[in-house]
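Student: Quick one: structure below, then a few questions.
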Amino acid sequence: MDDVPWNMPADAYGVYEPEGFCIWINEERQGDLARKNTGVLSHEFTHYVHSLSTFHSVDDLLTLLGGVHAGMQQLEDLLVPISLPLTKWSSQASCPPSVQTYVHHVARRKRSIQTSLGRDLDLTPPEHLLTGALYQRGARSFIKTSETSGAPVARLTLMEGAALAKKCQALGNDSDLKAKKSHPQFSHYFAAHDACARAHPRIDPLAASLLLCDLSLCTPRPSTVFEYGIMILHSLPPSATIDEFEARLSLLYDRECRGPMAVQLGKLEQARTALPADHRSTDLSWAGMVLRNAAAAVRLRQASPFSLIKPVYLGQDLFDLAQIIGSPVILTNDMRLTSLSPATENQAHARNVVRTLSYLCRWMLEENEPLRCPYAGCPGCPEERRGPHCRTNAALALRVSDDKPWCALLFSAHQLRVADILRRT
């Protein structure tokens, strides 16, 4: 389709961008969402919930705010001309040490996140094990999903396992599970389901994996806690119910997750306190907004461990939850932006610019292509700045005088304090 966002896979049903707090749904028009789309939105909203309220994702958020974005702001203090991309400049002797350090920290953060996700499947699982069995490869835990695949018990498997279960809940059937299970390369999506099915054949494995994946993400050692949960499920009598499993998991949360999540809540509150006063007191600040939403989500989780994952992500339940923890940007092929909860104009602006802030940082670090606006073509963009250049050379939109209405990209450039640098590109 010509109208699919330029930086999104055209064959995807939907995508969640964790560093843009944005859901893109492959629909022709925004108006099609309520009528046609149920499962995709529920799947991607699960990722939004986890990006706010789980152990490692809180660290990802804080390093995005206090490292990637804040580090980019320091470029304005340099007394030498800026050379883009920063990764290439950092390898040259003329590059200031502060820029080299910044590039190093961003790269290390990216590697750490990729490692914690656990993307690589094991293509030679033990032959003697049944599907759904847990096994070790070195220091890592895996779940056997077929004769030729095993999924790591790590963040990606847990996030996708929960998201698949929420999609099936929204659809009212297991069609998505069956579709994924026909392709071993999608093992991350159904591995947790298979482990729960093997551990207790009578408790619905979709319901069980939903709770267990959600809980396991709330600890610095998710694979260990997941294994504890599987042991609990296996130990339950044949007549046990999902409610009994939830009760036992709540005790596991108290033992393994409550303390670590209290530490993460403290970090969120400290980070918000450290913001400049105008960022703490105004709805126009993306940093203040997202820290407030994340703290609200963690508090809700601490008050009731499964209160974030149990609501059906449709209709009134979804609206009520979004009222508390905020909403991601929702973007469709017609480039219209919306959300799941009402917001003031300032709040909406702050929510929208998270995506452009992160994009500008990536572009200045890597600059592998022309500067393009991730909202190119959005009907809400000011006429003075919108045009074909948004997809080809968005720096032209920034060269329009600042006394004209601002777009999200210009707002982000000023937040990062790199508007003048970009205007010279």
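The values are calculated or read from the model by the stated rules, or taken from the named source; none is laboratory data. From a predicted model like this one, the values you see are computed outputs, not experimental measurements. When we count neighbours, we look across all protein chains shown, and the Cβ atoms used for this are built from the backbone with ideal geometry, even at glycine.
Student: Restricting attention to the range 292-316, which residues are closer than 16 Å to R258 by Cα and among the hydroxyl-bearing types (S, T, Y)?
Tutor: S304, S307
Student: Report, by residue number, each residue of the range 93-141 that is in contact with a strand residue (DSSP E or B) (Cβ under 9 Å, 6 or more places away or on another chain) and acidic (D, E).
Tutor: D120, D122
Student: Let me ask another. Within the bounds of the range 333-348, is there any residue that is in contact with a helix residue (DSSP H, G or I) (Cβ under 6 Å, 6 or more places away or on another chain) and over 28 Å from H43 (Cα atoms)?
Tutor: For the range 333-348, residues in contact with a helix residue (DSSP H, G or I) (Cβ under 6 Å, 6 or more places away or on another chain) and over 28 Å from H43 (Cα atoms): absent.
Student: For the range 194-215, which positions are in contact (Cβ under 8 Å) with a residue 60 or more places away in the chain and closer than 19 Å to S304 by Cα?
Tutor: Scanning the range 194-215 gives L210, L211, D214, L215.
Student: Related question: Collect the residues in the range 322-334 that are in contact (Cβ under 8 Å) with a residue 24 or more places away in the chain and surrounded by 17 or more Cβ atoms within 10 Å (Cβ to Cβ), keeping them in residue-number order.
Tutor: If the condition is that a residue be in contact (Cβ under 8 Å) with a residue 24 or more places away in the chain and surrounded by 17 or more Cβ atoms within 10 Å (Cβ to Cβ), then I325, G326, S327, P328, V329, I330, L331, T332, N333 are the ones that fit.
Student: Against the condition part of a helix (DSSP H, G or I), surrounded by 13 or more Cβ atoms within 10 Å (Cβ to Cβ) and out of contact with any Cys (no Cβ under 6 Å at 6 or more places or on another chain), how does A107 come out, does it pass?
Tutor: Answer is yes for this residue.
Student: With respect to the numbered conditions (1) of a type outside the set (S, T, Y); (2) crowded, with 16+ Cβ neighbours inside 10 Å; (3) more than 25 Å from L65 (Cα to Cα); (4) in contact with a helix residue (DSSP H, G or I) (Cβ under 7 Å, 6 or more places away or on another chain), which one is the sole condition not fulfilled by D122?
Tutor: Result: D122 fails condition (4) only.
Student: Could you figure out which of (1) part of a helix (DSSP H, G or I); (2) in contact with a Cys (Cβ under 9 Å, 6 or more places away or on another chain) isn't true of Y16?
Tutor: Checking Y16 against (1) part of a helix (DSSP H, G or I); (2) in contact with a Cys (Cβ under 9 Å, 6 or more places away or on another chain), the one that fails is (1).
Student: Residues in the range 396-415 that are more than 27 Å from the chain's Cα centre (by Cα) and assigned to a helix (DSSP H, G or I): how many?
Tutor: Residues flagged as more than 27 Å from the chain's Cα centre (by Cα) and assigned to a helix (DSSP H, G or I) within the range 396-415 amount to 3.
Student: Determine the pairs where a residue that is within 13 Å of S57 (Cα to Cα), located within the range 285-299, has a partner that is buried (at least 23 other Cβ atoms within 10 Å of the Cβ) and of a type in the set (K, R) with Cβ atoms under 7 Å apart, the partner being 6 or more residues away or on another chain.
Tutor: none
Student: Then there is this: Quick one: count up the residues across the range 249-266 that are surrounded by 18 or more Cβ atoms within 10 Å (Cβ to Cβ) and of a type in the set (D, E, K, R).
Tutor: 1
Yes/no per residue for (1) assigned to a helix (DSSP H, G or I); (2) polar (S, T, N, Q); (3) under 22 Å from E160 (Cβ atoms); (4) in the same structural domain as I143 (by TED's automatic domain parsing):
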site	(1), (2), (3), (4)
L210	yes, no, yes, yes
C213	yes, no, yes, yes
P237	no, no, no, yes
R272	yes, no, no, no
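Student: I'm checking my understanding of the structure. Among residues of the range 148-178 that are in contact with a Pro (Cβ under 8 Å, 6 or more places away or on another chain) and buried (at least 23 other Cβ atoms within 10 Å of the Cβ), which one is nearest to C213 (Cα to Cα)?
Tutor: Of the residues in the range 148-178, the ones in contact with a Pro (Cβ under 8 Å, 6 or more places away or on another chain) are 148-150, 153-155, 158.
From what is left, the residues that are buried (at least 23 other Cβ atoms within 10 Å of the Cβ) are 150, 153-155, 158.
Values: G150: 17, V153: 10, A154: 10, R155: 9, L158: 5 Å.
Per the stated criteria, the residue is L158.
Student: Would the range 283-300 turn up any residue that is at pLDDT 90 or above, in a loop (DSSP other than H, G, I, E, B) and under 25 Å from E44 (Cβ atoms)?
Tutor: Taking every residue of the range 283-300 in turn, none turns out to be at pLDDT 90 or above, in a loop (DSSP other than H, G, I, E, B) and under 25 Å from E44 (Cβ atoms).
Student: Also: For A133, indicate whether it is surrounded by fewer than 20 Cβ atoms within 10 Å (Cβ to Cβ), out of contact with any Pro (no Cβ under 7 Å at 6 or more places or on another chain) and within 19 Å of Y228 (Cα to Cα).
Tutor: Considered against the rule, which asks whether it is surrounded by fewer than 20 Cβ atoms within 10 Å (Cβ to Cβ), out of contact with any Pro (no Cβ under 7 Å at 6 or more places or on another chain) and within 19 Å of Y228 (Cα to Cα), A133 comes out as yes.
Student: For K144, which of the numbered conditions (1) assigned to a loop (DSSP other than H, G, I, E, B); (2) touching a strand residue (DSSP E or B) at 6+ places or on another chain (Cβ under 7 Å); (3) basic (K, R) fails to hold?
Tutor: The one condition K144 does not meet is (1).
Student: Return yes or no: is S209 over 30 Å from G67 (Cβ atoms), among the hydroxyl-bearing types (S, T, Y) and surrounded by 23 or more Cβ atoms within 10 Å (Cβ to Cβ)?
Tutor: For S209, the condition - over 30 Å from G67 (Cβ atoms), among the hydroxyl-bearing types (S, T, Y) and surrounded by 23 or more Cβ atoms within 10 Å (Cβ to Cβ) - is met.
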